[in-house]
Structures are given as C-alpha cells and as structure tokens.
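Shown next, in structure tokens, is the structure this report addresses.
The values are calculated or read from the model by the stated rules, or taken from the named source; none is laboratory data. As the structure is a prediction and not an experimental result, all values here were calculated from the model. Using ideal geometry, Cβ is built from the backbone for each residue, glycine included, and neighbour counts are taken over all protein chains shown. Areas reflect the complete protein model, heavy atoms only, side chains present, ligands, DNA and RNA absent. Shrake-Rupley method; radii C 1.70, N 1.55, O 1.52, S 1.80 Å.
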Amino acid sequence: MEDFKDRYGPTALVTGASSGIGTGFAEELAARGMDLVLAARRVDRLEDLKVRLEAEHGVSVQVMECDLADLDAPARLAEACAKHDIGLVVSNAGFGAKGWFEQIDAAVMAEMLTVNCHAQMQIAHGFLPRLKSRGRGGLLMVSSVEGLMGGPFSAAYAATKALVVALGEGLWGELQGTGVDVLTLTPGATESEAAAKQGFDPAKMTNVQPARECAALALDNLINGPTFCPNPHYRALFERMTAMPRQQALLAMAQGMRPKD
C-alpha cells in the first residue's frame, strides 16, 4: 500500500465516482491511503461517499460537480484540480446505449460520444503535462471489452470505447521512460446501474464482477499496461473472439446480442 501511495499519491482524481466502478475506485483508493477528488453529476451521492470514506479511512475527500456531457467540463475540471497534487487520474465516467443502431436517439449518441470520447481525450490532455512534470504517476482510462472489436447491437457504444483503447495504447507507448504509467481498463459485466438502464435484468446476468474487485485488480495492474481485462470470464471470451476470423466472430456476437422482437 505504501509503495502504491509513493508511486501514485498523494491524491487521486476519479470521474464518474457516484456509482458503479467509479465508486469502487474511490473505495479502493481510500483504503490504500490516497486522498481523493471525486467528480460526477450527482453531488449528493458524492457527499455521502465523502463522509463514509473519510470516517472509515481517515483520508481527505474533495467533491466536485461535473457533467462531462458539457464540452468545456474537462478544462474546468483540470483548472479546479490545479491546487491538488494529483498523482493518479482515473478517467472513468461514461455510459452506453444498446439496440438497433438506427433506433438509438441521435442526441443520445452525440452525448455518448462527448462523454466517452471527447471527455477522456481532453482529461488526458489536461492532466498529462502535470503528471510528466512530477516524474511519476498514473493515468487509468476506463474502456470496455466491447472496445476490443465491433459490437453488433452495441455499435455506437463499442465505437466510443474503441477510441479509448486506441488512445490509451498510444499514450502508453509515448510515456515510456517518463515515470507515468498508463492503463486502459476493459471491464466485462460489472456491478453497476448501467445494465438496468440499458434494459437488462441484473438478476439474470452471469459472470458479473463486483465493482470494487474490478477496481482493485485494475490498480494492481496499473504498472502492467497498456490494456487489462479484470474479469476472467470476459478476458477468455474476448481472447477467443478476437482470435477468430472477423466475420465469424461478428456473426456470433450478432446472434447472441440480437434484441428480442
């Protein structure tokens, strides 16, 4: 724990910290003795999380309201964090939309592109100079296993997450020798509100990983970039899928993911 804090401390920023993997990251980082800056739209949830983590772990937690669907939000976030010695940036905020591509609302797709792609890129752009000047630290970007290949009936979401994978891998290569570690996290099914919002019954889902377990494994592998899937089931599944002829893999995915009429 002390080695982790020495390398990535004293403070970590976590976006999308009000639920799911973001909350898992906040809990795990606080347990490792890291002070936190937590950013999300739902400040009431962040305030509750702040009280709990400060009481349980004796760390300092700052809360920031931040809607990354606003194009200027990443720049405002970077400016607001200038007074904090942030050694780890966990760029986690994002959301998905599934179904027939042409039936997804165009405004929803535009917002998804902004949050999942624009915000991740601009956050990295805003914080990497500071991390490089420190000579140590980390950037952890949350993508999805769906970013590893095209996703039938999840085409737009998979495309946004593919950008995150490509961006993270490119930055990992650029930052070798700087002391700044880069990891792109590609979770499979993880405990969150996302499944219900996308029309899935969480009670019927299998191989679902607890959010804090996902976060802990990601942090343990931060030094082992460029990409990491923490869920053994999905790691094995996508290793098989990406090794298959592309047409065969996509047809299998389309059959499995096709919405019921």
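Please determine, by comparing only the residues of segment 247-261 that are over 15 Å from Glu146 (Cβ atoms) and part of a helix (DSSP H, G or I), which one is least open to solvent (accessible area, probe 1.4 Å).
Gln248
Would you be able to say whether some residue in segment 75-91 is more than 19 Å from Gly168 (Cα to Cα), touching a Cys at 6+ places or on another chain (Cβ under 7 Å), buried (at least 20 other Cβ atoms within 10 Å of the Cβ) and in contact (Cβ under 8 Å) with a residue 40 or more places away in the chain?
The answer is yes; a qualifying residue exists.
Could you count how many residues in segment 150-178 are of a type in the set (Gly, Ala, Ser) and under 17 Å from His125 (Cα atoms)?
Residues that pass the stated criteria total 4.
Per-residue answers, yes or no, for (1) more than 17 Å from the chain's Cα centre (by Cα); (2) over 18 Å from Thr15 (Cβ atoms); (3) modelled with pLDDT under 95:
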{"residue": "Leu68", "(1), (2), (3)": "no, no, no"}
{"residue": "Asp72", "(1), (2), (3)": "yes, no, no"}
{"residue": "Ala80", "(1), (2), (3)": "yes, no, no"}
{"residue": "Ile86", "(1), (2), (3)": "yes, no, no"}
{"residue": "Val90", "(1), (2), (3)": "no, no, no"}
{"residue": "Gly94", "(1), (2), (3)": "no, no, no"}
{"residue": "Ala97", "(1), (2), (3)": "no, yes, no"}
{"residue": "Glu111", "(1), (2), (3)": "no, no, no"}
{"residue": "Cys117", "(1), (2), (3)": "no, no, no"}
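What's the number of the condition Leu53 fails, among (1) within 17 Å of Ser192 (Cα to Cα); (2) open to solvent by less than 20 Å² (accessible area, probe 1.4 Å)?
(1)
Being closer than 26 Å to Pro152 by Cβ, touching a residue at least 12 places away in the same chain (Cβ under 8 Å), in a helix (DSSP H, G or I) and open to solvent by 80 Å² or more (accessible area, probe 1.4 Å) is true for just one of Arg235, Arg240, Arg212. Which residue is that?
The conditions single out Arg235.
Scan segment 98-116 for residues that are under 17 Å from Thr186 (Cα atoms) and open to solvent by 10 Å² or more (accessible area, probe 1.4 Å) and jot them down.
Val115
Go through (1) among the aliphatic types (A, V, I, L, M); (2) at pLDDT 95 or above; (3) within 18 Å of the chain's Cα centre (by Cα) for Ala243 and report which single condition fails.
(3)
Of all residues in segment 122-154, count the ones that are surrounded by fewer than 17 Cβ atoms within 10 Å (Cβ to Cβ) and assigned to a helix (DSSP H, G or I).
Residues meeting the conditions: 5.
So that you can scan it fast, the table gives a plain yes or no per residue for (1) touching an Asp or Glu at 6+ places or on another chain (Cβ under 7 Å); (2) acidic (Asp, Glu):
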| position | (1), (2) |
| --- | --- |
| Thr15 | no, no |
| Ser19 | yes, no |
| Glu27 | no, yes |
| Val37 | no, no |
| Ser60 | yes, no |
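Checking the condition closer than 25 Å to Ala39 by Cβ and either touching a Pro at 6+ places or on another chain (Cβ under 7 Å) or open to solvent by less than 10 Å² (accessible area, probe 1.4 Å) (or both), which residue from Thr160, Thr178 passes?
Of the residues listed, the single one that is closer than 25 Å to Ala39 by Cβ and either touching a Pro at 6+ places or on another chain (Cβ under 7 Å) or open to solvent by less than 10 Å² (accessible area, probe 1.4 Å) (or both) is Thr160.
Would you check if Gly188 is in contact with a His (Cβ under 8 Å, 6 or more places away or on another chain), surrounded by 12 or more Cβ atoms within 10 Å (Cβ to Cβ), at pLDDT 95 or above and not aromatic (Phe, Trp, Tyr)?
So Gly188 fits the description; yes.
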